[in-house]
Amino acid sequence: MLSPESGFEAASAAYLADLEDGSAARSGTVEAYRTDLRQFALYLYPRVDDLFLPLTAISVDLIRAYRDYLVARGLRPSTVCRKLATLRSLFRYLCHLGAAAGNPAAAVAGPGIQRRKSEPPTPEQVTAALERVEPGQFAGARDRVIVALLHGSGLSLAELAVLNLSCLDLAAGRIAVGGRDTGTTLRHVPVEADAEEALQTYLQLRAQQLLDLDIAAVDAGALFVNRKGRRLHRRTIQRVVKRMLRLVLDPERQACCTVLRQGFARRQMEDGADVETVGRLLGQKGPPARSFAAAPDVERLRQAYLAAHPRR
């Protein structure tokens, strides 16, 4: 049973075990938290007199010093903020159990981050980016499909990375995505005509690319592979998307997988879909997060108000 006198590592182990038991946490997220907490423990050892590292010894000043230590090491502000967020989450958990009287990490602000605008690209911008890539080459055809699916079907990065050939149902114009390993519900999403055409081209070039490779050394079932036949890593997919969007977006705009997914959600709502439907299309159990919601159309709201409350 955890108490304020418990050691930091014991508290961390209990917290991580609870996360692993929960269905909402992805395995990658738990491992990232594990790494962050281990690094903080290593920081504590030479700075806390009691090697047991009791929770009562962890103060706001100690966490603030840890933040400054991370900044001095040259870590990116976003990385430092994530590590502080891990500590906040841990102490929220401990407060809930009664093992901590307060959350010392809550009072420590992260270093300033210059955030880029998260406005998603327009369909015209995405089309322009796709047209800048050579579709007759293996890598170009693959990269076009990646962007087309993220933008046209609302897939997440996690869902896209684990897609297999068996997920495709091109006869019905849809793909099976999601599931336990992705953090979203299992569902079938439609594939737009342009994305389906790009997918057909890529599948032909993919088959040619793998033809001369040792079948035992390739991920034959993976949909997106590199030139050696290995499944694309998430980082590689992120670089592909960033490189393609940078061709058409201003430097201050975000160029990532998430903004393409946001664009899909906003287009659905602009076309009249309700938020619950969009949430289901995204594989979420409830309505989409605020970041995916369409910006309010003032004129549309005004017309709706006038229709409901006509002047007399």
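Data overview
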quantity: Modelled FRET efficiency - R0 30 Å, T185 with R234, Cβ distances, 0.05 increments; calculated: 0.90
quantity: Nearest-0.05 FRET efficiency for E192 and A10, computed from C-beta distance (R0 41 Å); calculated: 0.20
quantity: Over the stretch 1-146, relative contact order from alpha-carbon pairs under 8 Å, at least 6 apart, %; calculated: 25
quantity: Accessible surface of the chain [probe 1.4 Å, protein heavy atoms]: carbon and sulfur percent; calculated: 51
quantity: Candidates C95, C257, C167, ranked by Gaussian network fluctuation over the chain, Cα under 10 Å, top entry; calculated: C95
quantity: Per residue accessible area in Å² of the chain, where ligands, DNA and RNA are left out and the probe is 1.4 Å; calculated: 56
quantity: Relative contact order (%) - criterion: Cα under 8 Å, at least six apart; region: the chain; calculated: 16
quantity: The stretch 1-72 versus the stretch 90-167: alpha-carbon centroid distance in Å; calculated: 26
quantity: Listed residues Q125, Q208, Q262, most fluctuating in the chain (Gaussian network, C-alpha, under 10 Å); calculated: Q208
quantity: Structure-based [θ]222 nm, the chain - -39500 (n - 2.57) summed over DSSP H runs of at least 4, per residue, nearest 500; calculated: -16000 deg cm²/dmol
quantity: C95 versus Q137: modelled label distance in nm, points set 7 Å from Cα along the beta carbon direction; calculated: 5.3
quantity: Most mobile listed residue (R82, R231, R206) in the chain, GNM with C-alpha springs under 10 Å; calculated: R82
quantity: Pairwise FRET efficiency - Q200 versus T127, Cβ, R0 = 25 Å, nearest 0.05; calculated: 0.85
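The values are calculated or read from the model by the stated rules, or taken from the named source; none is laboratory data. Model, not experiment: these values are computed from the prediction. Quick reminder, even Gly has a Cβ in these numbers, built from the backbone with ideal geometry, and neighbours come from all protein chains shown. The area values use the complete protein model at the heavy-atom level, side chains included, leaving out ligands, DNA and RNA. Shrake-Rupley method; radii C 1.70, N 1.55, O 1.52, S 1.80 Å.
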